[in-house]
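Presented below is the structure to which this report refers.
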Amino acid sequence: WEDQQEAFFFLKLGFALAVILVYLVMAAQFESFRFPFLIMFSLPLASVGVIIALFLTDTTFNMQAFIGVIMLVGIVVNNAIVLVDYVLQLRRVHGMGLVDALITGGRRRLRPILMTTLTTVLGLTPMAFGIGEGGELQAPMARVLIGGMISSTFITLFLIPTLFHLMETVTVRKRREAISPADVEPALG
């Protein structure tokens, strides 16, 4: 029992380190702390799929399942990165408005996101059934990955654009409030 608790402690440490490293890499890539934060919203909500997958398959949350959760940290953010990066590109390079960029980005990135999810889920399906020698040992990891991928795909397609719109709206509103009328009048005079 003590060995198991120690192993779970190190897995929790590995999970926290994975989240931090993924965030830092995205922050460097996007040159912003806001957009990686937005993308990271898909992580806690992917846990819904993990819990449902474990419940439906009557699988316990063991060390293999925990390793699957750590793997999800890197896999789940991929779809959100594809969508957010394309929306930012539409806004910066093509000068699209926020809503138009979100709709166009969602429409044009739907197919790659679904293809990524479908290939991952179908590739893990034989492992999830626990076929072959030692297959039952690896099955919880595959089940966690499948559940997390499916739920994160829907989250990416619906929740991330909504949060993106909300975040940008709040940012624009704060910028407008920061410029007071007293600051504008001397410039006009």
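Take each peptide in 34-43, 102-111, 47-56, count the other Cβ atoms within 10 Å of every residue, and average; sorted highest first, the result is 34-43, 47-56, 102-111.
Descending by average beta-carbon neighbour count within 10 Å, the peptides 123-132, 90-99 line up as 123-132, 90-99, the highest first. Please work out whether region 130-178 counts as rounded, prolate or oblate from its C-alpha gyration tensor, where a ≥ b ≥ c are the square roots of the eigenvalues and a/c under 1.5 means rounded, while otherwise a/b larger than b/c means prolate and anything else oblate? Prolate shape, in that a/c is at least 1.5 and a/b is the bigger ratio. Taking a ≥ b ≥ c as the square roots of the eigenvalues of the Cα gyration tensor of the chain, is the shape rounded (a/c under 1.5), prolate (a/b larger than b/c) or oblate? Since a/c reaches 1.5 and a/b is larger than b/c, the shape of the chain is classed as prolate.
Rolling a 1.4 Å probe over the protein heavy atoms of the chain, with every protein chain left in place, gives an accessible area that is 68 percent carbon and sulfur.
Simple rule: put +1 on each Lys or Arg Cβ and -1 on each Asp or Glu Cβ in the chain, find the dipole, and look at Ala65, Thr120, Gln29; the Cα lying farthest toward the positive end is Gln29. Need one word for region 19-90: rounded, prolate or oblate. Basis is the Cα gyration tensor (sqrt eigenvalues a ≥ b ≥ c); a/c below 1.5 gives rounded, then a/b vs b/c decides. In terms of gyration-tensor shape, prolate. Take region 129-177 with all the other protein chains still there, run a 1.4 Å probe, and you get 56 Å² of accessible area per residue. Around the Cα centre of the chain, unit charges on the Cβ atoms of Lys, Arg, Asp and Glu (plus for the first two, minus for the last two) sum to a dipole of about 840 debye. Taking every protein chain into account, the accessible area of region 1-110 amounts to 60 square angstrom per residue (probe 1.4 Å). Within the listed set Thr153, Thr117, Thr169, the Gaussian network model of the chain (springs between alpha-carbon atoms below 10 Å) gives the highest mean-square fluctuation for Thr169.
Only one residue of Val93, Ile131, Gly49 has its Cα farthest out toward the positive end of the dipole of the chain, where Lys and Arg carry +1 and Asp and Glu -1 on Cβ, and that residue is Val93.
The values are calculated or read from the model by the stated rules, or taken from the named source; none is laboratory data. Note that the coordinates shown come from a computational prediction; the quantities given were computed from them, not determined experimentally. Virtual Cβ from ideal backbone geometry, glycine too; neighbours counted across all protein chains shown. Areas reflect the complete protein model, heavy atoms only, side chains present, ligands, DNA and RNA absent. Shrake-Rupley method; radii C 1.70, N 1.55, O 1.52, S 1.80 Å.
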